1. Given the criterion over 30 Å from residue 241 (Cβ atoms) and not assigned by TED's automatic domain parsing to the domain that holds residue 184, identify the matching residue among 54, 77.
2. May I ask you to list pairs of residues, at least six apart or on different chains, whose Cβ atoms are under 8 Å apart, with the first in the range 86-101 being over 22 Å from residue 304 (Cβ atoms) and the second being among the hydrophobic types (A, V, I, L, M, F, W, C) and part of a loop (DSSP other than H, G, I, E, B)?
3. Just to confirm my filter: which helices (runs of 4 or more DSSP H) fall fully inside the range 220-329 and include at least 2 residues that are at pLDDT 95 or above and β-branched (Val, Ile, Thr)?
4. Against the conditions (1) outside any helix (DSSP H, G or I); (2) modelled with pLDDT of 95 or more; (3) buried (at least 17 other Cβ atoms within 10 Å of the Cβ); (4) of a type outside the set (Lys, Arg), where does residue 145 fall short? Just the number, please.
5. Going through the range 251-291 one residue at a time, which ones are at positive phi and touching a Gly at 6+ places or on another chain (Cβ under 7 Å)?
6. Can you find, within the range 278-314, the residue that is farthest from residue 106 (Cα to Cα) among those that are small (Gly, Ala, Ser) and surrounded by fewer than 18 Cβ atoms within 10 Å (Cβ to Cβ)?
7. Going residue by residue through the range 136-148, is there one that turns out to be in contact with a helix residue (DSSP H, G or I) (Cβ under 8 Å, 6 or more places away or on another chain), farther than 22 Å from residue 102 by Cβ, without any contact (Cβ under 8 Å) to a residue 40 or more places away in the chain and among the aromatic types (Phe, Trp, Tyr)?
8. Pairs needed: first member in the range 177-194, under 17 Å from residue 85 (Cβ atoms) and without any contact (Cβ under 8 Å) to a residue 24 or more places away in the chain; second member anywhere, assigned to a strand (DSSP E or B) and aromatic (Phe, Trp, Tyr); C-beta distance under 6 Å; at least 6 residues apart or different chains.
Amino acid sequence: MIFWLYVGLFLAVPPIIMGLALAVMYLYIRWKYMGFLTRIFQEKPLFVVPRGEPDPRAEEVTIPAVDGLALRGCYFPTTAPQRRGVILFGLEFGSNRWACRQYCQGLIEAGYDVFAVEPRNQGESDRDANYEPLQWVTDRDVADMRAAIAYLRTRPDADSRGIGLFGISKGGGTGVLVAANDPWVRCVVTDGMYGTHTTMVPYMRRWIEIYSDRKLIQRALPTWFYGLIGAVGAKRVARNRGVNYPSVEKAAAKLNRPLLMIHGAGDTYIKPEMAQALFERATGVKKLWLVSKAKHNQALNVAGEEYHRQVLEFFDRYLGEVHEPVPVA
């Protein structure tokens, strides 16, 4: 009752006074909590990242990044009699190129070539001395994935119809950012994808609740206010690190291509409601599959064969057309 009385009084204040109050609150929060926000934004997750072992059946590939760094990749040709399509696999933060096997073996056997590339400062790709990657997607991740697509376009066996994209966690967000501006990417599957705004705002509410006892004010502040503070914090981190953090949310709204978004219903890091908020922004044909009891990036381990079936059926529907592969010169 006291809370709603407070809100009523707050809303009854003239707009000029309300604006001044919000401006003062904005400056206060920036002064009081921005250090906490930028510190937490740069903390790395603690979960175990899977890595794969080299496989002699793959073609080892080295491609140039836009600034000349060497990016290491592996290209798995399908073992089926006919190729149905080509899929670019986006790695999760800290993983290596061989980790694509556990996700894509069924796709390879069903008629899809799969290509995975390690972005800079990951796996065996070259190190960028001026860059320290975090779990958040940067402009350099996007540029490295675009380099991978450029390579697929120029292969002698390139598929003129385009490719599919399958990304895990950070690789999923990077994939959506690339696909939104490249119609050659015909469809996208993500697992554990997250955005910046839809992830940061819920956590900001929680952080401020921990560090401040002014509960009534916290509840009265609108979501856009938290988003504004978060955007300022992200820009500060980006400036200090010499990168840009592009918006996965804006890219999802622009995508307008078939999207299968997989997420763990038991994910305590990127909570299901965060995934739902990002999914709602996506345009075009889309499906959100919440895998019961799965933690972050653990949907494959929980769902097993059903996971492989869902992914394969999606690519068969939106990418796969049987045609003779073009022989490599």
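The values are calculated or read from the model by the stated rules, or taken from the named source; none is laboratory data. The model shown is predicted, which means the values in this text are computed figures rather than measured ones. Positions of Cβ are backbone-derived with ideal geometry, glycine not excepted, and every protein chain shown enters the neighbour counts.
1. Just one listed residue meets the conditions, 54.
2. Correct list of pairs: 86/158; 93/49; 93/134; 94/49; 97/91.
3. Correct list: empty, since no element meets the threshold.
4. (1)
5. Result: 256, single match.
6. The extreme case among them is 284.
7. Looking for residues that are in contact with a helix residue (DSSP H, G or I) (Cβ under 8 Å, 6 or more places away or on another chain), farther than 22 Å from residue 102 by Cβ, without any contact (Cβ under 8 Å) to a residue 40 or more places away in the chain and among the aromatic types (Phe, Trp, Tyr), one finds none in the range 136-148, hence no.
8. Close Cβ pairs (under 6 Å, with a partner that is assigned to a strand (DSSP E or B) and aromatic (Phe, Trp, Tyr)) do not exist here.
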